[in-house]
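Peer 1: This is the structure I want to talk about, given as structure tokens.
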Amino acid sequence: MQNAADQGRYLKPFAQILLALAARREKQNALAQRLLRELTEEFPSSTLFASEYAKAMGLPIPAEMHSN
């Protein structure tokens, strides 16, 4: 999975999502934050990635993201 997240072409975002969720579950906050930041930068219109990144950073989630 890590190989796909690092070097993948088509499955890279999917692998990053799975690794970020696993990292959050395992309390590997720095890894989760990095992966979610990368996803947020790559997909700026995704409120889901921005919301998960905010949670991983311990930041409040903006109200407009709660409904998505």
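Values quoted throughout were computed directly from the atomic coordinates according to the rules given, and no laboratory measurement underlies them. What you see is a predicted model; the values in this text were computed from it and never measured. Cβ placement follows ideal geometry from the backbone for every residue including glycine, while neighbour counts extend to all protein chains displayed.
Peer 1: Between N29 and R9, what is the FRET efficiency for a Förster distance of 30 Å, r being their Cβ-Cβ separation, to the nearest 0.05? Please list the in-between numbers first.
Peer 2: On the way: r = 28 Å, r/R0 = 0.93.
That gives a FRET efficiency of 0.60.
Peer 1: Any idea how far apart L18 and Q2 come out in nm if each label point goes 7 Å out from Cα toward Cβ?
Peer 2: 1.5 nm
Peer 1: Here's a follow-up. Mind checking the dipole of the chain: about its Cα centre, +1 per Lys or Arg Cβ, -1 per Asp or Glu Cβ, Debye to the nearest 20?
Peer 2: Charge dipole, the chain, about its Cα centre: 200 debye, nearest 20.
Peer 1: If you don't mind, there's one more thing I want to ask. What's the angle, to the nearest 10 degrees (0 to 90), between helix 29-42's Cα axis and the longest principal axis of the chain?
Peer 2: It works out to around 90 degrees.
Peer 1: Next up: How far apart, in nanometres, would the label points at A54 and R37 be if each is projected 7 angstrom from Cα along the Cα-to-Cβ direction?
Peer 2: Label at A54, label at R37, 1.8 nm between them.
Peer 1: What do you get for GluC sites (Glu not before Pro) in the chain restricted to DSSP loop and a cutoff of at most 11 other Cβ within 10 Å of the site's Cβ?
Peer 2: E26
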